[in-house]
Amino acid sequence: MEIWIEAQLKQLTSASSIESAYKAALNFFNNLGYEYCCFSMTSCSLNHRSAAINLNNYPHEWNTQYKQKNYCSIDPTVAHCNHSMLPVLWDSATFAKTPDLWQALLDQGLRYGWSQPVHDLNSQSIGMLSMARSHRRLSVYELYEHLGYATFISQKLYALAIDKLSGSHADSETQVYLSPREIEVLKWSADGKTASEVAIILCLTERTVHYHVNSAIKKLGVNNKISAVVRATRHHMI
């Protein structure tokens, strides 16, 4: 892994707000050759009403047009991400049933792009991370080359978005205690280490590392490791 990639991913991992994490993600994808980056999430489970987050650096004219013409209701990338965990490439085939929307994208310089969905199986929240540029055709090879980064970043942004929409600060009155070992494991996870790497560093078995991660997840009331790292960071545990 190139040094700048590792450094920027660490910076993104340590971000404690959706806004700062998005800025780091935008900078990361700019360096990969994408002009535009968007993260959006819709949740119908928080407080029993619909809530949404949309962060992007798309042209102002595009955001206005997208909202005024209610393109979200016919956007095939949105429809895909609502029902799939696989990435979707922006091309004429994807937009075959919505040629006007496809032409509008081209007119705004959003010519080559792709979207990565992110879901939480335990809630009704759906997120989507999209990257786009105005030049240089995007190949399937490049998409899958960057897929791992997009998956990690979308999960981070999703966890912070859930935290913001659910008003996580409101639950700070209920103190959660993590064991020293659980905190150690989360600290190394926040640094981008895998379970096997953490096991080597702490002289534990990989199974024990997973045990501590799962224990922290349950105590913090979240659904996955990234969300646990985010929540622990917000509560100044790590």
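The values are calculated or read from the model by the stated rules, or taken from the named source; none is laboratory data. The structure presented is a predicted model; accordingly, all values stated were derived computationally and were not measured. Using ideal geometry, Cβ is built from the backbone for each residue, glycine included, and neighbour counts are taken over all protein chains shown.
I'd like the residue in the range 182-238 that is part of a loop (DSSP other than H, G, I, E, B) and of a type in the set (V, I, T) and, out of all such residues, is nearest to A161 (Cα to Cα).
The selected residue is V222.
Residues I238, I217: which one is over 18 Å from K10 (Cβ atoms) and either free of Cβ contacts under 8 Å to residues at least 40 places away in the same chain or touching a Leu at 6+ places or on another chain (Cβ under 9 Å) (or both)?
Exactly one residue qualifies, and that residue is I217.
What number of residues within the range 114-141 are buried (at least 16 other Cβ atoms within 10 Å of the Cβ) and not in a loop (DSSP other than H, G, I, E, B)?
15
Could you check, for the range 19-42, whether at least one of its residues is more than 16 Å from V230 (Cβ to Cβ) and modelled with pLDDT under 90?
Yes; the residues of the range 19-42 include at least one that is more than 16 Å from V230 (Cβ to Cβ) and modelled with pLDDT under 90.
Looking at S50, is it at pLDDT below 90 and out of contact with any Lys or Arg (no Cβ under 8 Å at 6 or more places or on another chain)?
So S50 passes the test.
Please name all residue pairs, on different chains or six or more residues apart, with Cβ atoms under 7 Å, provided the first residue is in the range 65-92 and is part of a loop (DSSP other than H, G, I, E, B) and the second residue is among the hydrophobic types (A, V, I, L, M, F, W, C).
I74/L101; D75/L101; P87/W114; P87/L143; P87/L147; S92/W102
When only residues in the range 144-184 that are at pLDDT 85 or above and of a type in the set (D, E) count, which is nearest to F28 (Cα to Cα)?
E145
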